[in-house]
Amino acid sequence: LRLRLSGYGGQVRPGGRSTPDRTRPPERGSPRGCDLAALLLVIALLVPVGLLNRGLATDDAYITYRYAQNLIRGEGFVYNPGERHLGTTSPLLALLLSAVGRAYPDLPFWGSALSILSLGAAAFFSYLILSRASATPAGFLALPLIVLNPVLIESLGNETCLLLALIAGQYYFYQSGRRKTFAVLAALSALARGEGVILPLLLFWFDFLRQARERRWDLRPLLVFAAVLLPWLLFSRLYFGSFLPSTLSVKMAMARLPHSPWTPFFRDVMENLPGRFGPHGKGFAVLYLLFLAGAAGALADRRFVPFLLFFLAYYLGYGLLRVGSFPWYHAPVAFALSFFAAFGVQVLSAWGGRLRERGDPLSSLLGTWLLHPPPDFRSESAFSARPRWPIFFPLGLILLASILQRGFAFSNPRIAPYREAGIWLRENAPAEATVGIPEVGIVGFYAERRMLDIDGLVFPAMADPARLHSYQCLIRNYRPDYIISQGKSPYHLVRAGEVHPGVKNLPFRYLAAKQFRSPDLQVTIWKREPYNCPIGDSIGDAI
(Lines give C-alpha, C1' and ligand atoms only; values in the text may rest on other atoms or scores of the structure.)
Protein backbone atom coordinates (compact mmCIF):
# COMPACT_ATOMS: atom_id res chain seq x y z
CA LEU A 1 0.00 0.00 0.00
CA ARG A 2 1.12 3.53 -0.78
CA LEU A 3 0.72 5.77 2.28
CA ARG A 4 -0.34 9.34 1.73
CA LEU A 5 0.16 11.33 4.90
CA SER A 6 -2.41 14.05 5.28
CA GLY A 7 -0.61 15.79 8.15
CA TYR A 8 -3.72 15.72 10.33
CA GLY A 9 -3.60 12.20 11.79
CA GLY A 10 -6.00 9.39 11.08
CA GLN A 11 -6.11 5.79 9.90
CA VAL A 12 -4.88 4.56 6.51
CA ARG A 13 -7.31 2.66 4.36
CA PRO A 14 -6.62 0.68 1.17
CA GLY A 15 -5.79 2.91 -1.77
CA GLY A 16 -3.43 5.09 0.22
CA ARG A 17 -6.11 7.55 1.48
CA SER A 18 -6.16 8.45 5.14
CA THR A 19 -9.33 8.78 7.15
CA PRO A 20 -9.06 11.92 9.32
CA ASP A 21 -9.33 11.39 13.04
CA ARG A 22 -11.75 14.13 13.98
CA THR A 23 -11.29 13.62 17.71
CA ARG A 24 -7.69 14.88 17.62
CA PRO A 25 -6.44 18.38 16.94
CA PRO A 26 -4.53 18.65 13.67
CA GLU A 27 -0.78 18.27 13.72
CA ARG A 28 1.61 21.00 12.71
CA GLY A 29 1.63 21.63 8.97
CA SER A 30 5.35 22.39 8.66
CA PRO A 31 8.60 21.13 10.26
CA ARG A 32 10.10 23.08 13.13
CA GLY A 33 13.06 23.94 10.92
CA CYS A 34 10.75 25.79 8.55
CA ASP A 35 9.17 27.65 11.45
CA LEU A 36 12.58 28.75 12.70
CA ALA A 37 13.58 29.88 9.21
CA ALA A 38 10.33 31.87 8.95
CA LEU A 39 10.96 33.53 12.32
CA LEU A 40 14.50 34.51 11.29
CA LEU A 41 13.17 35.91 8.01
CA VAL A 42 10.61 38.02 9.91
CA ILE A 43 13.35 39.42 12.15
CA ALA A 44 15.56 40.16 9.14
CA LEU A 45 12.71 42.04 7.47
CA LEU A 46 11.67 43.93 10.62
CA VAL A 47 15.13 45.34 11.35
CA PRO A 48 15.32 47.69 8.31
CA VAL A 49 11.61 48.51 8.56
CA GLY A 50 11.98 49.43 12.23
CA LEU A 51 15.17 51.47 11.76
CA LEU A 52 13.85 53.42 8.76
CA ASN A 53 10.46 54.13 10.33
CA ARG A 54 11.30 54.59 14.01
CA GLY A 55 9.07 57.19 15.59
CA LEU A 56 6.52 57.00 12.78
CA ALA A 57 2.97 57.48 14.06
CA THR A 58 -0.35 59.03 13.12
CA ASP A 59 -1.80 62.02 14.97
CA ASP A 60 -4.61 59.90 16.46
CA ALA A 61 -2.07 57.53 18.01
CA TYR A 62 -0.96 60.31 20.34
CA ILE A 63 -4.47 60.49 21.78
CA THR A 64 -3.95 56.96 23.11
CA TYR A 65 -0.45 57.91 24.25
CA ARG A 66 -1.89 60.71 26.39
CA TYR A 67 -4.42 58.34 28.00
CA ALA A 68 -1.48 56.11 28.94
CA GLN A 69 0.48 59.15 30.14
CA ASN A 70 -2.31 60.19 32.50
CA LEU A 71 -2.64 56.62 33.78
CA ILE A 72 1.05 56.61 34.69
CA ARG A 73 0.69 59.95 36.49
CA GLY A 74 -2.32 58.77 38.48
CA GLU A 75 -4.80 61.11 36.76
CA GLY A 76 -7.05 58.20 35.75
CA PHE A 77 -8.11 56.81 32.39
CA VAL A 78 -8.73 60.28 30.94
CA TYR A 79 -7.44 62.59 28.22
CA ASN A 80 -8.14 65.91 29.93
CA PRO A 81 -7.69 65.40 33.69
CA GLY A 82 -11.02 65.42 35.46
CA GLU A 83 -13.04 64.72 32.27
CA ARG A 84 -14.16 61.09 31.94
CA HIS A 85 -14.60 60.58 28.23
CA LEU A 86 -13.54 57.54 26.21
CA GLY A 87 -11.80 59.13 23.25
CA THR A 88 -9.30 56.40 22.47
CA THR A 89 -10.24 53.58 20.11
CA SER A 90 -7.77 51.17 21.77
CA PRO A 91 -8.06 50.72 25.55
CA LEU A 92 -5.71 47.73 25.26
CA LEU A 93 -2.91 49.79 23.70
CA ALA A 94 -3.32 52.49 26.38
CA LEU A 95 -3.05 49.87 29.13
CA LEU A 96 0.00 48.23 27.53
CA LEU A 97 1.75 51.59 27.11
CA SER A 98 1.00 52.59 30.69
CA ALA A 99 2.52 49.31 31.88
CA VAL A 100 5.80 49.56 29.95
CA GLY A 101 5.90 53.36 30.32
CA ARG A 102 6.48 53.04 34.06
CA ALA A 103 9.89 51.53 33.32
CA TYR A 104 10.81 53.94 30.51
CA PRO A 105 8.54 56.98 30.06
CA ASP A 106 9.10 57.59 26.31
CA LEU A 107 5.62 56.54 25.16
CA PRO A 108 6.11 57.38 21.43
CA PHE A 109 9.10 55.01 21.49
CA TRP A 110 7.00 52.25 23.03
CA GLY A 111 4.12 52.91 20.63
CA SER A 112 6.47 52.57 17.67
CA ALA A 113 8.18 49.48 19.10
CA LEU A 114 4.94 47.69 19.95
CA SER A 115 3.47 48.35 16.51
CA ILE A 116 6.63 47.13 14.75
CA LEU A 117 6.68 43.94 16.84
CA SER A 118 2.95 43.51 16.17
CA LEU A 119 3.57 43.80 12.43
CA GLY A 120 6.12 41.00 12.70
CA ALA A 121 3.74 38.90 14.81
CA ALA A 122 0.92 39.37 12.27
CA ALA A 123 3.25 38.20 9.50
CA PHE A 124 4.52 35.18 11.46
CA PHE A 125 1.03 34.07 12.46
CA SER A 126 0.01 34.38 8.81
CA TYR A 127 2.88 32.04 7.91
CA LEU A 128 1.71 29.55 10.55
CA ILE A 129 -1.88 29.68 9.30
CA LEU A 130 -0.81 29.01 5.73
CA SER A 131 1.71 26.32 6.64
CA ARG A 132 -0.90 24.47 8.68
CA ALA A 133 -3.08 24.49 5.56
CA SER A 134 -0.27 22.71 3.69
CA ALA A 135 0.71 25.93 1.94
CA THR A 136 4.16 26.47 3.48
CA PRO A 137 5.62 28.12 0.33
CA ALA A 138 2.74 30.62 0.39
CA GLY A 139 3.46 31.18 4.07
CA PHE A 140 7.06 32.16 3.32
CA LEU A 141 5.85 34.43 0.50
CA ALA A 142 3.37 36.11 2.87
CA LEU A 143 6.15 37.24 5.23
CA PRO A 144 7.71 39.96 3.02
CA LEU A 145 4.30 40.79 1.51
CA ILE A 146 3.01 41.74 4.98
CA VAL A 147 6.12 43.17 6.68
CA LEU A 148 7.02 45.32 3.64
CA ASN A 149 3.44 46.31 2.81
CA PRO A 150 3.54 50.13 2.48
CA VAL A 151 0.00 50.61 3.80
CA LEU A 152 0.79 48.62 6.95
CA ILE A 153 4.09 50.45 7.48
CA GLU A 154 2.37 53.84 7.23
CA SER A 155 -0.01 52.66 9.97
CA LEU A 156 2.79 52.06 12.48
CA GLY A 157 2.48 53.76 15.84
CA ASN A 158 -1.22 53.20 16.42
CA GLU A 159 -3.22 50.08 17.31
CA THR A 160 -3.82 48.79 13.76
CA CYS A 161 -0.87 46.37 13.62
CA LEU A 162 -1.66 45.18 17.16
CA LEU A 163 -5.21 44.39 16.06
CA LEU A 164 -3.99 42.47 12.99
CA ALA A 165 -1.54 40.47 15.11
CA LEU A 166 -4.32 39.48 17.51
CA ILE A 167 -6.66 38.64 14.61
CA ALA A 168 -4.09 36.39 12.94
CA GLY A 169 -3.02 34.89 16.28
CA GLN A 170 -6.50 33.97 17.41
CA TYR A 171 -7.26 32.38 14.05
CA TYR A 172 -4.09 30.30 14.22
CA PHE A 173 -4.90 29.00 17.70
CA TYR A 174 -8.51 28.32 16.72
CA GLN A 175 -7.21 26.44 13.69
CA SER A 176 -4.83 24.48 15.95
CA GLY A 177 -7.58 23.42 18.32
CA ARG A 178 -6.24 25.49 21.25
CA ARG A 179 -9.55 27.15 21.97
CA LYS A 180 -8.73 28.73 25.34
CA THR A 181 -5.76 30.61 23.92
CA PHE A 182 -7.95 31.61 21.01
CA ALA A 183 -10.57 32.95 23.44
CA VAL A 184 -8.03 35.10 25.30
CA LEU A 185 -6.67 36.62 22.08
CA ALA A 186 -10.22 37.09 20.79
CA ALA A 187 -11.16 39.17 23.85
CA LEU A 188 -7.93 41.18 23.56
CA SER A 189 -8.64 41.92 19.89
CA ALA A 190 -12.00 43.41 20.90
CA LEU A 191 -10.13 45.63 23.39
CA ALA A 192 -7.51 46.56 20.80
CA ARG A 193 -10.18 48.02 18.52
CA GLY A 194 -13.95 47.65 18.31
CA GLU A 195 -14.02 45.81 15.00
CA GLY A 196 -11.83 43.14 16.58
CA VAL A 197 -15.01 41.53 17.92
CA ILE A 198 -16.16 40.53 14.41
CA LEU A 199 -13.87 37.52 13.96
CA PRO A 200 -14.58 36.04 17.43
CA LEU A 201 -18.31 36.25 16.74
CA LEU A 202 -17.82 34.43 13.43
CA LEU A 203 -15.65 31.73 15.00
CA PHE A 204 -17.97 31.22 17.97
CA TRP A 205 -20.89 30.91 15.53
CA PHE A 206 -19.08 28.32 13.42
CA ASP A 207 -18.07 26.51 16.60
CA PHE A 208 -21.72 26.47 17.70
CA LEU A 209 -22.73 24.91 14.37
CA ARG A 210 -20.04 22.26 14.73
CA GLN A 211 -21.01 21.43 18.32
CA ALA A 212 -24.70 21.29 17.42
CA ARG A 213 -23.94 18.87 14.58
CA GLU A 214 -21.76 16.66 16.80
CA ARG A 215 -24.03 17.11 19.85
CA ARG A 216 -21.02 17.74 22.06
CA TRP A 217 -20.94 21.03 23.89
CA ASP A 218 -17.95 22.90 25.27
CA LEU A 219 -18.63 26.40 26.61
CA ARG A 220 -15.21 26.93 28.18
CA PRO A 221 -13.81 29.11 25.33
CA LEU A 222 -16.89 31.35 25.48
CA LEU A 223 -16.56 31.67 29.26
CA VAL A 224 -12.87 32.57 28.94
CA PHE A 225 -13.75 35.19 26.32
CA ALA A 226 -16.38 36.71 28.60
CA ALA A 227 -14.09 36.60 31.65
CA VAL A 228 -11.46 38.69 29.85
CA LEU A 229 -13.80 41.13 28.13
CA LEU A 230 -16.58 41.74 30.68
CA PRO A 231 -14.46 43.49 33.36
CA TRP A 232 -13.52 46.20 30.86
CA LEU A 233 -17.13 46.59 29.69
CA LEU A 234 -18.34 46.99 33.27
CA PHE A 235 -15.56 49.45 34.08
CA SER A 236 -16.26 51.43 30.90
CA ARG A 237 -19.97 51.64 31.68
CA LEU A 238 -19.40 52.79 35.26
CA TYR A 239 -16.44 55.08 34.57
CA PHE A 240 -17.36 56.65 31.21
CA GLY A 241 -21.10 55.95 31.09
CA SER A 242 -20.68 54.11 27.79
CA PHE A 243 -19.41 50.78 26.48
CA LEU A 244 -18.00 52.23 23.28
CA PRO A 245 -15.74 55.18 22.41
CA SER A 246 -17.36 58.16 20.72
CA THR A 247 -14.99 58.00 17.75
CA LEU A 248 -17.21 55.85 15.50
CA SER A 249 -20.15 58.27 15.65
CA VAL A 250 -17.76 61.19 15.17
CA LYS A 251 -16.10 59.61 12.12
CA MET A 252 -19.54 58.86 10.64
CA ALA A 253 -20.61 62.48 11.17
CA MET A 254 -17.39 63.76 9.55
CA ALA A 255 -18.24 62.22 6.18
CA ARG A 256 -21.75 63.73 6.29
CA LEU A 257 -20.69 67.34 6.82
CA PRO A 258 -21.49 69.74 3.95
CA HIS A 259 -18.37 70.09 1.78
CA SER A 260 -16.65 67.55 4.02
CA PRO A 261 -12.87 67.21 3.55
CA TRP A 262 -13.18 63.51 4.49
CA THR A 263 -14.04 60.97 1.82
CA PRO A 264 -16.44 58.11 2.72
CA PHE A 265 -14.66 54.81 3.22
CA PHE A 266 -15.91 52.96 0.11
CA ARG A 267 -14.92 55.74 -2.26
CA ASP A 268 -11.62 56.40 -0.54
CA VAL A 269 -10.54 52.74 -0.81
CA MET A 270 -11.46 52.59 -4.49
CA GLU A 271 -9.83 55.90 -5.39
CA ASN A 272 -6.75 56.05 -3.14
CA LEU A 273 -5.76 52.54 -2.06
CA PRO A 274 -4.09 51.63 -5.40
CA GLY A 275 -1.97 54.80 -5.25
CA ARG A 276 -0.84 53.95 -1.72
CA PHE A 277 0.74 50.75 -3.06
CA GLY A 278 2.59 52.50 -5.86
CA PRO A 279 2.46 55.20 -8.52
CA HIS A 280 1.34 52.78 -11.22
CA GLY A 281 -1.86 50.77 -11.28
CA LYS A 282 -0.35 47.67 -12.91
CA GLY A 283 1.21 46.39 -9.70
CA PHE A 284 -2.07 46.79 -7.84
CA ALA A 285 -3.87 44.92 -10.63
CA VAL A 286 -1.52 41.92 -10.16
CA LEU A 287 -2.08 42.06 -6.39
CA TYR A 288 -5.84 42.24 -6.83
CA LEU A 289 -6.05 39.37 -9.34
CA LEU A 290 -3.93 37.09 -7.15
CA PHE A 291 -6.07 38.08 -4.16
CA LEU A 292 -9.16 36.92 -6.06
CA ALA A 293 -7.45 33.62 -6.87
CA GLY A 294 -6.52 33.17 -3.21
CA ALA A 295 -10.03 34.06 -2.03
CA ALA A 296 -11.53 31.50 -4.45
CA GLY A 297 -9.05 28.89 -3.24
CA ALA A 298 -9.85 29.72 0.38
CA LEU A 299 -13.54 29.12 -0.23
CA ALA A 300 -12.79 25.86 -2.01
CA ASP A 301 -10.45 24.62 0.72
CA ARG A 302 -12.76 25.68 3.61
CA ARG A 303 -9.82 26.59 5.86
CA PHE A 304 -9.98 30.37 5.64
CA VAL A 305 -13.72 31.00 5.40
CA PRO A 306 -14.04 32.95 8.72
CA PHE A 307 -10.76 34.76 8.03
CA LEU A 308 -12.01 35.91 4.64
CA LEU A 309 -15.43 36.81 6.04
CA PHE A 310 -13.83 38.98 8.73
CA PHE A 311 -12.10 41.22 6.20
CA LEU A 312 -15.21 41.31 4.03
CA ALA A 313 -17.32 42.31 7.05
CA TYR A 314 -14.79 45.00 7.98
CA TYR A 315 -14.84 46.44 4.46
CA LEU A 316 -18.62 46.36 4.10
CA GLY A 317 -19.23 47.58 7.66
CA TYR A 318 -17.09 50.70 7.34
CA GLY A 319 -18.45 51.33 3.88
CA LEU A 320 -22.15 50.93 4.70
CA LEU A 321 -21.77 53.08 7.82
CA ARG A 322 -20.24 55.78 5.61
CA VAL A 323 -17.35 56.32 7.98
CA GLY A 324 -15.03 59.16 7.09
CA SER A 325 -11.90 57.43 5.83
CA PHE A 326 -8.33 57.83 7.08
CA PRO A 327 -5.21 56.19 5.61
CA TRP A 328 -4.77 53.70 8.47
CA TYR A 329 -8.33 52.45 7.91
CA HIS A 330 -6.97 50.86 4.72
CA ALA A 331 -4.53 48.65 6.66
CA PRO A 332 -6.83 45.62 7.28
CA VAL A 333 -7.80 45.65 3.60
CA ALA A 334 -4.12 45.80 2.62
CA PHE A 335 -3.33 42.93 5.01
CA ALA A 336 -6.06 40.79 3.44
CA LEU A 337 -4.72 41.58 -0.03
CA SER A 338 -1.22 40.43 0.96
CA PHE A 339 -2.37 37.27 2.76
CA PHE A 340 -4.76 35.98 0.14
CA ALA A 341 -2.55 37.05 -2.76
CA ALA A 342 0.25 34.89 -1.31
CA PHE A 343 -2.21 32.00 -1.08
CA GLY A 344 -3.36 32.83 -4.60
CA VAL A 345 0.15 32.13 -5.92
CA GLN A 346 -0.01 28.69 -4.26
CA VAL A 347 -3.48 28.10 -5.68
CA LEU A 348 -2.49 28.89 -9.25
CA SER A 349 0.75 26.92 -9.11
CA ALA A 350 -0.76 23.79 -7.49
CA TRP A 351 -4.38 23.92 -8.67
CA GLY A 352 -4.46 21.92 -11.88
CA GLY A 353 -2.35 18.89 -11.05
CA ARG A 354 -3.62 18.48 -7.51
CA LEU A 355 -7.30 18.70 -8.40
CA ARG A 356 -6.90 16.25 -11.29
CA GLU A 357 -5.18 13.84 -8.89
CA ARG A 358 -7.97 14.20 -6.34
CA GLY A 359 -10.69 14.03 -8.94
CA ASP A 360 -12.55 16.86 -7.17
CA PRO A 361 -13.64 19.66 -9.50
CA LEU A 362 -13.98 23.17 -8.15
CA SER A 363 -17.77 23.00 -8.34
CA SER A 364 -17.75 19.98 -6.01
CA LEU A 365 -15.52 21.76 -3.51
CA LEU A 366 -17.68 24.88 -3.54
CA GLY A 367 -20.78 22.73 -3.18
CA THR A 368 -19.24 21.09 -0.12
CA TRP A 369 -18.52 24.49 1.42
CA LEU A 370 -22.08 25.69 0.77
CA LEU A 371 -23.52 22.60 2.46
CA HIS A 372 -21.12 22.76 5.44
CA PRO A 373 -19.97 26.35 6.00
CA PRO A 374 -17.89 25.78 9.19
CA PRO A 375 -14.20 25.57 8.34
CA ASP A 376 -12.69 22.08 8.18
CA PHE A 377 -9.09 22.02 9.48
CA ARG A 378 -8.70 18.24 9.54
CA SER A 379 -9.52 17.19 5.99
CA GLU A 380 -6.78 16.98 3.40
CA SER A 381 -6.00 20.26 1.67
CA ALA A 382 -6.75 20.62 -2.01
CA PHE A 383 -3.45 22.49 -2.35
CA SER A 384 -1.20 20.29 -0.21
CA ALA A 385 0.85 19.17 -3.22
CA ARG A 386 4.17 20.83 -3.83
CA PRO A 387 3.54 23.85 -6.07
CA ARG A 388 4.92 23.96 -9.56
CA TRP A 389 8.01 26.08 -9.01
CA PRO A 390 8.24 27.41 -12.61
CA ILE A 391 4.83 28.98 -11.93
CA PHE A 392 5.24 29.80 -8.23
CA PHE A 393 8.53 31.71 -8.43
CA PRO A 394 7.63 34.13 -11.28
CA LEU A 395 4.23 34.89 -9.76
CA GLY A 396 5.80 35.40 -6.32
CA LEU A 397 8.45 37.77 -7.65
CA ILE A 398 5.89 39.79 -9.62
CA LEU A 399 3.70 40.01 -6.51
CA LEU A 400 6.60 41.07 -4.31
CA ALA A 401 7.60 43.73 -6.86
CA SER A 402 4.05 45.14 -6.77
CA ILE A 403 4.35 45.58 -2.98
CA LEU A 404 7.77 47.24 -3.16
CA GLN A 405 6.86 49.96 -5.68
CA ARG A 406 6.78 52.67 -3.01
CA GLY A 407 9.61 51.29 -0.90
CA PHE A 408 9.32 50.80 2.85
CA ALA A 409 10.64 54.06 4.37
CA PHE A 410 8.04 56.66 5.36
CA SER A 411 7.74 59.75 7.54
CA ASN A 412 4.99 61.92 8.99
CA PRO A 413 5.81 65.60 8.26
CA ARG A 414 3.29 66.71 10.89
CA ILE A 415 5.14 65.25 13.84
CA ALA A 416 8.01 67.79 14.04
CA PRO A 417 6.04 71.09 13.88
CA TYR A 418 3.24 69.73 16.04
CA ARG A 419 5.72 68.48 18.65
CA GLU A 420 7.47 71.87 18.72
CA ALA A 421 4.12 73.64 19.12
CA GLY A 422 3.16 71.32 21.98
CA ILE A 423 6.47 71.81 23.77
CA TRP A 424 6.15 75.61 23.40
CA LEU A 425 2.68 75.51 24.98
CA ARG A 426 3.91 73.34 27.84
CA GLU A 427 6.74 75.77 28.56
CA ASN A 428 4.87 79.08 28.01
CA ALA A 429 1.14 78.56 28.59
CA PRO A 430 -0.27 78.58 32.15
CA ALA A 431 -1.07 75.15 33.56
CA GLU A 432 -4.81 75.93 33.54
CA ALA A 433 -4.83 77.21 29.92
CA THR A 434 -7.19 75.74 27.32
CA VAL A 435 -6.21 75.17 23.70
CA GLY A 436 -8.57 75.02 20.72
CA ILE A 437 -7.19 72.80 17.98
CA PRO A 438 -8.15 70.94 14.79
CA GLU A 439 -5.80 67.91 15.20
CA VAL A 440 -5.43 67.16 18.86
CA GLY A 441 -3.08 64.19 19.12
CA ILE A 442 0.56 65.28 18.87
CA VAL A 443 0.16 68.84 20.17
CA GLY A 444 -2.00 67.68 23.06
CA PHE A 445 0.43 64.96 24.11
CA TYR A 446 3.39 67.35 24.35
CA ALA A 447 1.47 70.42 25.57
CA GLU A 448 -0.08 68.68 28.62
CA ARG A 449 -2.83 71.32 28.67
CA ARG A 450 -6.60 71.03 28.44
CA MET A 451 -7.39 70.49 24.76
CA LEU A 452 -10.65 71.46 23.05
CA ASP A 453 -10.69 69.80 19.64
CA ILE A 454 -13.16 70.93 17.01
CA ASP A 455 -14.13 67.36 16.06
CA GLY A 456 -15.13 66.19 19.54
CA LEU A 457 -12.69 63.28 19.75
CA VAL A 458 -11.56 64.27 23.25
CA PHE A 459 -13.94 67.17 23.90
CA PRO A 460 -17.45 65.65 23.65
CA ALA A 461 -19.23 69.00 23.66
CA MET A 462 -18.06 69.47 20.05
CA ALA A 463 -19.16 66.00 18.91
CA ASP A 464 -22.69 67.24 18.15
CA PRO A 465 -23.20 67.28 14.36
CA ALA A 466 -24.35 70.90 14.55
CA ARG A 467 -21.00 71.92 16.08
CA LEU A 468 -18.64 69.37 14.57
CA HIS A 469 -15.57 70.80 12.85
CA SER A 470 -16.67 74.39 13.51
CA TYR A 471 -13.85 76.56 14.86
CA GLN A 472 -16.30 79.45 15.02
CA CYS A 473 -18.61 77.54 17.35
CA LEU A 474 -15.72 76.44 19.55
CA ILE A 475 -14.38 79.99 19.97
CA ARG A 476 -17.78 81.61 20.47
CA ASN A 477 -18.94 79.12 23.13
CA TYR A 478 -15.77 78.07 24.95
CA ARG A 479 -13.27 80.89 24.35
CA PRO A 480 -10.02 78.87 24.53
CA ASP A 481 -6.95 80.73 25.78
CA TYR A 482 -4.99 79.62 22.72
CA ILE A 483 -5.95 78.42 19.28
CA ILE A 484 -3.89 76.55 16.71
CA SER A 485 -4.09 77.13 12.97
CA GLN A 486 -2.31 75.12 10.31
CA GLY A 487 -1.62 75.54 6.64
CA LYS A 488 0.32 74.13 3.74
CA SER A 489 2.72 75.89 1.41
CA PRO A 490 2.82 78.52 0.04
CA TYR A 491 3.11 79.89 3.57
CA HIS A 492 1.87 83.15 4.98
CA LEU A 493 4.57 84.49 7.28
CA VAL A 494 2.95 85.56 10.56
CA ARG A 495 4.76 88.05 12.76
CA ALA A 496 4.50 88.05 16.53
CA GLY A 497 1.58 90.21 17.73
CA GLU A 498 -0.29 90.02 14.42
CA VAL A 499 -4.09 89.86 14.90
CA HIS A 500 -5.88 86.78 13.62
CA PRO A 501 -8.00 88.02 10.70
CA GLY A 502 -10.78 85.47 11.14
CA VAL A 503 -11.97 86.45 14.65
CA LYS A 504 -14.12 89.59 14.57
CA ASN A 505 -16.72 91.42 16.63
CA LEU A 506 -16.00 89.70 19.94
CA PRO A 507 -14.76 91.20 23.24
CA PHE A 508 -11.39 89.49 22.68
CA ARG A 509 -8.96 88.86 19.88
CA TYR A 510 -6.19 86.39 19.11
CA LEU A 511 -2.64 87.57 18.58
CA ALA A 512 0.10 85.49 16.96
CA ALA A 513 2.39 84.10 19.67
CA LYS A 514 4.58 81.61 17.81
CA GLN A 515 4.90 79.98 14.42
CA PHE A 516 6.54 76.67 13.48
CA ARG A 517 7.28 75.72 9.92
CA SER A 518 8.40 72.59 8.09
CA PRO A 519 8.67 71.87 4.35
CA ASP A 520 5.09 70.53 4.37
CA LEU A 521 3.25 72.25 7.21
CA GLN A 522 2.96 75.57 9.00
CA VAL A 523 1.58 75.68 12.56
CA THR A 524 0.71 78.99 14.25
CA ILE A 525 -0.20 79.50 17.91
CA TRP A 526 -2.56 82.43 18.70
CA LYS A 527 -3.15 83.79 22.19
CA ARG A 528 -6.43 85.30 23.37
CA GLU A 529 -6.38 88.86 24.72
CA PRO A 530 -9.22 91.20 25.84
CA TYR A 531 -10.39 93.67 23.21
CA ASN A 532 -13.15 96.28 23.15
CA CYS A 533 -14.89 95.60 19.86
CA PRO A 534 -17.96 97.06 18.16
CA ILE A 535 -21.40 95.81 19.10
CA GLY A 536 -21.99 92.28 17.87
CA ASP A 537 -21.34 88.69 18.72
CA SER A 538 -20.23 86.87 15.63
CA ILE A 539 -17.13 85.38 14.15
CA GLY A 540 -15.89 85.84 10.61
CA ASP A 541 -16.00 82.99 8.15
CA ALA A 542 -12.25 82.63 7.71
CA ILE A 543 -10.19 81.00 10.48
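Residue pairs whose Cβ atoms lie under 9 Å apart, separated by 6 or more positions or on different chains, with the first residue in region 484-507 and more than 21 Å from Glu420 (Cβ to Cβ) and open to solvent by 60 Å² or more (accessible area, probe 1.4 Å) and the second hydroxyl-bearing (Ser, Thr, Tyr) and modelled with pLDDT under 80, are Val499/Tyr531; Lys504/Ser538; Asn505/Ser538; Pro507/Tyr531.
Would you pick out the residues in region 397-435 that are modelled with pLDDT of 90 or more and small (Gly, Ala, Ser)? Result: Ala416, Ala421, Gly422, Ala429, Ala431, Ala433.
With respect to Leu309, is the statement that it is open to solvent by 10 Å² or more (accessible area, probe 1.4 Å) and more than 22 Å from the chain's Cα centre (by Cα) true? Full working, then the answer.
Working: open to solvent by 10 Å² or more (accessible area, probe 1.4 Å): yes; more than 22 Å from the chain's Cα centre (by Cα): no.
Answer is no for this residue.
Counting only helices (runs of 4 or more DSSP H) that sit completely within region 156-258, those holding 3 or more residues that are over 30 Å from Phe459 (Cα atoms) and open to solvent by 40 Å² or more (accessible area, probe 1.4 Å) correspond to 179-192, 198-214, 220-240.
Report the residue count in region 521-543 for those that are modelled with pLDDT of 80 or more and either in a loop (DSSP other than H, G, I, E, B) or under 37 Å from the mean Cα position of the chain (by Cα) (or both). Walk me through how you get there before you give the answer.
Of all residues in region 521-543, those modelled with pLDDT of 80 or more come to 521-530.
Now narrow it down to the ones that are either in a loop (DSSP other than H, G, I, E, B) or under 37 Å from the mean Cα position of the chain (by Cα) (or both): 521-527.
Within region 521-543, residues that are modelled with pLDDT of 80 or more and either in a loop (DSSP other than H, G, I, E, B) or under 37 Å from the mean Cα position of the chain (by Cα) (or both) number 7.
Just to be sure, is Pro332 modelled with pLDDT under 90, buried (at least 20 other Cβ atoms within 10 Å of the Cβ) and either more than 26 Å from Ile167 (Cα to Cα) or within 31 Å of the chain's Cα centre (by Cα) (or both)? When the stated conditions are applied, Pro332 does not pass them.
Taken together, the residues in region 84-95 that are closer than 13 Å to Gly456 by Cα and of a type outside the set (Val, Ile, Thr) amount to 3. None of Ala461, Ala513 is farther than 21 Å from Glu83 by Cβ, hydrophobic (A, V, I, L, M, F, W, C) and modelled with pLDDT of 85 or more except Ala513. Can you pull out the residues in region 385-404 that are assigned to a helix (DSSP H, G or I) and not hydrophobic (A, V, I, L, M, F, W, C)? Pro390, Pro394, Gly396, Ser402 - these are the residues of region 385-404 that are assigned to a helix (DSSP H, G or I) and not hydrophobic (A, V, I, L, M, F, W, C). Taking the criterion of being outside any loop (DSSP other than H, G, I, E, B) and either open to solvent by 10 Å² or more (accessible area, probe 1.4 Å) or over 15 Å from Thr58 (Cβ atoms) (or both), the residues of region 428-442 that qualify are Asn428, Thr434, Val435, Gly436, Ile437. Applying the selection to region 200-222, what residues are free of Cβ contacts under 8 Å to residues at least 40 places away in the same chain and hydrophobic (A, V, I, L, M, F, W, C)? Leu201, Phe204, Trp205, Phe208, Ala212, Trp217, Leu219, Leu222 - these are the residues of region 200-222 that are free of Cβ contacts under 8 Å to residues at least 40 places away in the same chain and hydrophobic (A, V, I, L, M, F, W, C). The set of residues in region 108-117 being buried (at least 24 other Cβ atoms within 10 Å of the Cβ) and either of a type outside the set (S, T, N, Q) or within 26 Å of Ser349 (Cβ to Cβ) (or both) consists of Gly111 alone.
Take the residues in region 118-145 that are free of Cβ contacts under 8 Å to residues at least 60 places away in the same chain and of a type outside the set (Ser, Thr, Tyr), then tell me which one is surrounded by the fewest Cβ atoms within 10 Å (Cβ to Cβ).
Ala121
Taking region 405-427 as the range and being touching a residue at least 60 places away in the same chain (Cβ under 8 Å) and not in a loop (DSSP other than H, G, I, E, B) as the test, the residues that pass are Gln405, Arg406, Ile415, Ala416, Pro417, Tyr418, Glu420, Ala421, Trp424, Leu425.
The values are calculated or read from the model by the stated rules, or taken from the named source; none is laboratory data. No experiment lies behind these values; they were computed from the predicted model shown. Every residue, glycine as well, gets a Cβ built from its backbone with ideal geometry; the counts of neighbours run over all protein chains shown. Note: areas computed on protein heavy atoms with side chains; ligands, DNA, RNA excluded. Shrake-Rupley method; radii C 1.70, N 1.55, O 1.52, S 1.80 Å.
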